[in-house]
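These notes are about the structure you will find just below.
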């Protein structure tokens, strides 16, 4: 919380402004990538892209489309900045902790370009809370060059299936091995922990598998600690797309439905373990 200047209260002159009747929709999406404090935000005509990275090996992107908002205006082609995502989530959750039951808070957001704070105005039952979050200059984010290298294997399934498998993973294992193949067992997740090896097989004929397009057998290991943050978006997702490229890089894309039935997507990229082998 902070004191606002008159200029900051003159909301008509901002380079970016957006309004939604349901702040929980934005909160829901941001929480799925809140595994690190700092995030890079790109504002464009199509919406917001929020990027979180860790150890130059993992990148999560949350896409909040412009049509999620009842009002959405941006004066520039692109606006970018870094922000403390944990603080952003904390501010959006204010009414969720202490608000009036059954009433959904509305949200207005304002940003006035380089060096300016992101301003949030939350209202619930006539109670208005203003938050001002400082921003920093955006840094370059990782380019996994995923789609230009060629996706060799792609599987789309209902998220309940992968949730069940992830819940049974042996977390004492250092790695998760993912096998995708046009031949049986088709899709296999393996861990190698204190209690030995554990394998979960999902055949392509499984009724929860909607798309199975594997051109060749690919077996790759990923550090389990790097994949653990992907459990957040998985928990909120209806469907998940699992893609690997020729280098063994992994892309998980989660389809999430908000409270107002709006579809949003979260992407999660992960580098393979250097000791893994095809």
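We did not get these values from a lab; they are worked out from the coordinates using the rules stated. Please read these numbers as outputs of a predicted model, since none were measured by experiment. As a convention, Cβ positions derive from the backbone with ideal geometry for all residues, glycine included, and neighbour counts pool all protein chains shown.
Its alpha carbons considered, the chain gives a radius of gyration followed by a Dmax of 20.6, 66 Å.
Computed over segment 146-270, the alpha-carbon pair-distance distribution with 10 angstrom bins reads 13, 46, 35, 6, 0, each value a whole percent. Using bins of 5 Å that start at zero, the share of Cα-Cα pairs per bin across segment 120-211 amounts to 3, 9, 14, 13, 11, 11, 7, 9, 9, 9, 4, 1, 0, in whole %.
Once the Cβ-Cβ distance of residue 129 and residue 228 is raised to the sixth power relative to R0 = 30 Å, the FRET efficiency obtained is 0.35. FRET efficiency for the residue 205 to residue 54 pair, using the beta carbon distance and R₀ = 41 Å, is estimated at 0.70. When the chain is treated as a GNM with alpha-carbon contacts under 10 Å, the residue of 75, 168, 53 showing the greatest mean-square fluctuation is 168.
If packing is taken as the average number of other Cβ atoms within 10 Å across a peptide's residues, how do 172-181, 112-121 rank, most packed first?
On the way: 172-181: 19.1, 112-121: 17.2.
Peptide ranking by packing, descending: 172-181, 112-121.
With a ≥ b ≥ c the root eigenvalues of the C-alpha gyration tensor of segment 6-136, is it rounded (a/c under 1.5), prolate (a/b larger than b/c) or oblate? The shape class here is oblate.
Can you figure out the FRET efficiency of residue 183 with residue 44, using R₀ = 35 Å and their beta-carbon distance, to the nearest 0.05?
Numbers: r = 43 Å, r/R0 = 1.22.
Step by step, r from the Cβ atoms, then E = 0.25.
Comparing mean-square fluctuations of 106, 197, 159 from a GNM of the chain with C-alpha springs under 10 Å, the top value falls on 197.
Using the rule -39500 (n - 2.57) for each DSSP H run of four or more residues, divided by the residues of the chain, the 222 nm mean residue ellipticity is -4000 deg cm²/dmol. Segment 158-189 and segment 70-91 have Cα centres lying 35 Å from one another.
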